[in-house]
Amino acid sequence: MKSLFKNAGIVMLAGAFALSGCSGNGNGSKNQAENPDQEANFNATGLPIVNEAVSLRMVAPKAALAPEFTEMEIFKRLEKDTNVKINWENIPDTDYTEKKNLLLASGDLPDAFYAAGFTDYELINYGEDGTLIPLEDLIDQYAPNLKALLERRPDIKSSITAPDGHIYGLPSWEENNLGTNPFFHVINKSWLDKLGLKVPETLDEYTEALLAFKTQDPNGNGKQDEIPLSFMHMQWCMDIAGLFGAFGLPDNLEHRVVRDGKVIFTATQPEYKEA
């Protein structure tokens, strides 16, 4: 993989992500200085990243209900802004681990893995043998926002640095504790304002707001086509179980909670039936 491609990738993507080194020696970052044509095409700052379009091959897992990455608006915009085209190989997430391992074993490496799913053990081992290239120099040169974050948060930097001192993968990072309470609901504040309603604080107020959304045309198109409430049954972070706590007993996908030291099967409780 040419150094230019690595630089484009590190600027373009700041997710859970790892760059592979096709040469297998981990020294690909020196190639740019040895290739003046690539160096002339590359813009170290600003956009586009390259003057003449280049392509990257990138492998990523994909959930069954998710669209192809090529169809996602964010990647369309990134391609337009950067002049870097991503040739996505979307692998079904149910098969991803097996096929990722086959790619690594065969040496048929993409330029990068996105939403890579590498364990710490894999990052260290594939980094040491040159399959994955170190990223810290590229971060220092071409990722000012990430560099500033790592300088401000040495705890994050230490957690993504391998024992040999290199960074082989970029993590996703979430500190809002959303994972501890995934079932949360949002409400359309602009619709509340349009109808002169406050943010509901009780079940009765919530019911009144949803009925108003349905019957009082908050989107202003003259039709009763608003959907007051939507969810995906038994889906992580999209289920309706987040509302069940308002009836006196929280719920989750397993219908199991612990209360006063006892495991309770929620679906047989009166609070669940009321909800």
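The values are calculated or read from the model by the stated rules, or taken from the named source; none is laboratory data. Note that this is a predicted model, so its numbers are computed, not measured. Reconstructed Cβ throughout: ideal geometry from the backbone, glycine too, with neighbour counts over all protein chains shown. For accessibility, only protein heavy atoms count, side chains too; no ligands or nucleic acids. Shrake-Rupley method; radii C 1.70, N 1.55, O 1.52, S 1.80 Å.
Just a few scattered comments:
- The residue among 96, 166, 144 whose Cα reaches farthest toward the positive pole of the charge dipole of the chain, with charges on the beta-carbon of Lys, Arg, Asp and Glu, is 144.
- Spatially proximal lysines relative to residue 198 (Cα-Cα < 20 Å; intrachain offsets below 8 disregarded): 189, 214
- Using Cβ point charges alone (K and R +1, D and E -1), the dipole size of the chain about the Cα centre works out to roughly 280 debye.
- Ranking 161, 207, 82 by solvent-accessible area of protein heavy atoms (1.4 Å probe, all protein chains present), from largest to smallest, gives 207, 161, 82.
- Whichever lysines have a C-alpha closer than 29 Å to that of residue 62, once near sequence neighbours (fewer than 8 apart) are set aside: 2, 6, 76, 80, 85, 99, 100, 147, 157
- Accessible surface of residue 268 - all protein chains present, 1.4 Å probe, nearest 10 Å²: 80 Å²
- Ordering 228-241, 52-65 by mean Cβ neighbour count within 10 Å, with the highest value first, yields 52-65, 228-241.
- Accessible carbon and sulfur surface of the chain relative to its total accessible area, %, 1.4 Å: 52 percent
- Across region 158-168, coupling constants 3J(HN,Hα) worked out from phi with the 6.51/-1.76/1.60 Karplus curve, θ = phi - 60°, read 5, 6, 10, 9, 6, x, 7, x, 9, 10, 10 Hz, and Gly and Pro carry x.
- Computed over region 141-238, the range of Cα coordinates on each principal axis works out to 62, 30, 22 Å, biggest value leading.
- Computed over protein heavy atoms with a 1.4 Å probe, the accessible surface of the chain works out to 59 Å² per residue.
- Size check on region 38-171: the Cα extents along the three principal axes, sorted descending, read 37, 37, 27 Å.
- Placing one equal scatterer on every Cα of the chain and applying the Debye formula, the log10 ratio I(q)/I(0) at q = 0.14, 0.16 Å⁻¹ is -1.05, -1.18.
- The Rg/Rh ratio of region 216-274, with Rg taken over Cα atoms and Rh as the Kirkwood radius over Cα pairs, comes to 1.18.
- Which of 100, 194, 80 is most accessible, then next, and so on - probe 1.4 Å: 80, 194, 100
- Cα pair distances exceeding 13 angstrom across region 51-106, given as percent: 64 percent
- The calculated 222 nm mean residue ellipticity attributable to helices in the chain amounts to -9500 deg cm²/dmol, summing -39500 (n - 2.57) over DSSP H runs of n ≥ 4 and dividing by all residues.
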